[in-house]
Amino acid sequence: MDDARPSLLDCTLRDGGYYTNWDFDQTLLDRYLAAMRTASCISAVEIGYRSKPKPDYAGRFFHTPRTLLTHCRSALRADQSLAIMLDEKDVSPADIPGLIADVAGTISMVRFAIAPARIGGAKALVEACNALGVQVALNIMYLNTYCEDASVLAPLADTNAALVALVDSYGGCTPADVGRAVTLAREILPQPIGFHGHDNVSLAFANSVAALGAGASVIDTTVLGMGRGAGNTKTELMSAYFASKLGHDVDFAAMATAVDAFSELHKRFEWGANLAYMVSGFEGLPQAEVMDWLGTRRYSMGSIVSALRHRSGNSVDDRTFPDLSGIATERALASRPVLIIGGGASVAEHLDGLKRFVAESGAVIVHSTTRHASLFDDVNSPQIYCLAGQEIARLRGGHEHMISRPDRFIAIQKPPRLPDSVPEQAQVYEVPHWLEDKGRGNLGPVADEPPMDLALAAAESLDAEAVFLAGFDGYADASLADQQNARDVQSALDQAAARWAGRRVKALTPTLYSVERASVYGLLGQA
């Protein structure tokens, strides 16, 4: 960072790892490093995190082993800094030697993302890194909370931090906000000032230019804007700006090769601004929550936006409906087998066998999703549709005729719910929470009940003699959203095994889940 001109710090693999679980293949890495090397405007590359062991899997760019860092160091220019980030919330000064001493000659910078309320602990972290010959950059989060009064940064003037970056964590700041904040920060701090922009309201580039105009020295960027939530300022866009306006050299052929490589990831993970991120940006709400809600695929965009705007609990559906257990006796459904239908492709592949099984066993069909509901339109067996989240949107898409039949029932979670989540003119029943003490997430003011939880609660409400599964294939190549959905299903199945001593759960179609297996064809008569 010796060049007097402003520069870029690219943090694609660190920030983009939130989508890939910090796994990137070697071909992509080498194309990425080649692009970074040839852009004179890029003064530093942050390759990932270093972390203490966690109780869950995270890839090599979360732990950045020494061999990886050595490879990256050799692929970059000598004048470029190689940086990693440590999670300030999980690290004490005493942890620093164990985390970075072995790579102190390979990396030249450690970054910490710090909330304004925790700035007081920054000095000790800086000193611990400096003692090993490693510079420190501090990213101060939640710019929207201090953009008009940057005095919260004053304690940093007494540290040896090499750079202090202002982070628009919610992506809702405007160029005027950013320009004012950078100006105030430069008046308070002796360190160079950086800026890290999120693109919730599509202002990351404009905000970065405003930061430069106010005297910022370093702008954080990522290729194609890849980063948590709505993503960040785009490296290729800022590189083009630096080449045109500031005279930097950029090999755009190498940059295009990197962009092409990350385009495949973008097709898969689809980061970028959308309506939910826009609302969260302007409302100052954590985009990590929005990521989680979008990832469940249980809620429409409109529902997420509604929840974001009504987090206080207003505008919810708090109506009560009869308990599903009431129909067990009334409709002679008690103690019959239950077949729970999932969303996997195996339902269509084994449809004839599943229909024969229902006809021969007298099973009640419980749809944990309405994805395959139309395939069972012609089955004259009681059917229950579990509407988790905004599953009602699928029910309206061609299934309206089913809600008026006397042997078709709707199962929903207990209130409060989001408005417009219960179909009218339907036989609607509530099921209890699968386990009252089970930790559940929240979507704004309502509890987020996973579909499998609703389905198993429905089976329990019917006092099913046995529970069978179809269409719970699992995910052979799971995205992060798929992984979370898979964990929800497995957790529900594990709870069933612990809770139902005398009631067995069996999968009748191929599955990757840990559950007892059988074949639907092995349970059919020979006729």
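The values are calculated or read from the model by the stated rules, or taken from the named source; none is laboratory data. Remember, it's a predicted structure, so these values are computed and weren't measured experimentally. No Cβ is skipped: glycine too gets one built from the backbone with ideal geometry, and neighbour counts run over all protein chains shown. The protein model used for the area step is the full one, side chains on, heavy atoms only, and it has no ligands, DNA or RNA in it. Shrake-Rupley method; radii C 1.70, N 1.55, O 1.52, S 1.80 Å.
Check GLY98, GLY105 and return the single one that is surrounded by fewer than 15 Cβ atoms within 10 Å (Cβ to Cβ) and either among the β-branched types (Val, Ile, Thr) or part of a helix (DSSP H, G or I) (or both). Working first, answer last.
Numbers: GLY105 fails: either among the β-branched types (Val, Ile, Thr) or part of a helix (DSSP H, G or I) (or both).
Unique residue meeting the criteria: GLY98.
Just the residues that are farther than 17 Å from ALA273 by Cβ and basic (Lys, Arg), please, taken from the stretch 221-253. Listed by number, the list holds a single entry, LYS245. The residues of the stretch 38-56 that are part of a loop (DSSP other than H, G, I, E, B) and within 22 Å of the chain's Cα centre (by Cα), listed by number, are ARG50, SER51, LYS52, PRO53, LYS54, PRO55, ASP56. Taking the stretch 496-521 as the range and being under 31 Å from the mean Cα position of the chain (by Cα), open to solvent by less than 60 Å² (accessible area, probe 1.4 Å) and polar (S, T, N, Q) as the test, the residues that pass are THR509, THR511. Restricting the first member to the stretch 315-333 and to residues that are more than 11 Å from PRO382 (Cβ to Cβ), and the second to residues that are assigned to a loop (DSSP other than H, G, I, E, B) and of a type in the set (Val, Ile, Thr), the beta-carbon pairs closer than 9 Å and six or more apart or on different chains are ASP317/VAL422; ARG319/VAL422; PHE321/VAL422; ASP323/VAL431; LEU324/VAL431; SER325/VAL431.
Taken over the stretch 108-157, residues that are more than 30 Å from THR70 (Cβ to Cβ), among the charged types (D, E, K, R), out of contact with any Ser or Thr (no Cβ under 7 Å at 6 or more places or on another chain) and outside any loop (DSSP other than H, G, I, E, B) amount to 1. The lone criterion from (1) over 26 Å from the mean Cα position of the chain (by Cα); (2) crowded, with 21+ Cβ neighbours inside 10 Å left unmet by HIS196 is number (1).
When the stretch 57-77 is filtered for residues that are closer than 17 Å to GLY16 by Cα and part of a loop (DSSP other than H, G, I, E, B), the ones remaining, listed by number, are TYR57, ALA58, GLY59, THR64. Within the stretch 28-58, restricting attention to residues that are within 25 Å of SER92 (Cβ to Cβ) and aromatic (Phe, Trp, Tyr), the residue that is surrounded by the fewest Cβ atoms within 10 Å (Cβ to Cβ) is TYR57. Across the stretch 472-487, the qualifying residues are those that are open to solvent by less than 30 Å² (accessible area, probe 1.4 Å) and not in a loop (DSSP other than H, G, I, E, B), and the one among them that is modelled with the highest pLDDT is ALA486.
Beta carbons closer than 6 Å, at least 6 apart along the sequence or on distinct chains, pair a first residue in the stretch 219-245 that is at positive phi and open to solvent by 10 Å² or more (accessible area, probe 1.4 Å) with a second that is at pLDDT 95 or above and of a type outside the set (A, V, I, L, M) for LEU224/PHE262.
Inspect all residues belonging to the stretch 410-419 and state whether any of them is at pLDDT 80 or above, over 20 Å from VAL505 (Cα atoms), open to solvent by less than 30 Å² (accessible area, probe 1.4 Å) and assigned to a loop (DSSP other than H, G, I, E, B). Taking every residue of the stretch 410-419 in turn, at least one turns out to be at pLDDT 80 or above, over 20 Å from VAL505 (Cα atoms), open to solvent by less than 30 Å² (accessible area, probe 1.4 Å) and assigned to a loop (DSSP other than H, G, I, E, B). Just for the stretch 108-137: of the residues that are of a type in the set (Lys, Arg) and farther than 22 Å from ILE219 by Cβ, which one is surrounded by the fewest Cβ atoms within 10 Å (Cβ to Cβ)? Once the filter is applied, the top-ranked residue is ARG118. Taking the numbered list (1) modelled with pLDDT of 95 or more; (2) under 27 Å from SER169 (Cβ atoms) in turn, LYS52 passes all entries but (1).
MET85 meets each of the listed conditions (1) within 23 Å of THR235 (Cα to Cα); (2) assigned to a loop (DSSP other than H, G, I, E, B) apart from (2). When the residues of the stretch 168-208 are filtered to those that are among the β-branched types (Val, Ile, Thr) and either touching a Phe, Trp or Tyr at 6+ places or on another chain (Cβ under 7 Å) or modelled with pLDDT under 95 (or both), the one that is nearest to GLY120 (Cα to Cα) is VAL182.
Within the stretch 20-36, how many residues turn out to be part of a helix (DSSP H, G or I) and either hydrophobic (A, V, I, L, M, F, W, C) or touching a residue at least 60 places away in the same chain (Cβ under 8 Å) (or both)? Qualifying residue count for the region: 10.
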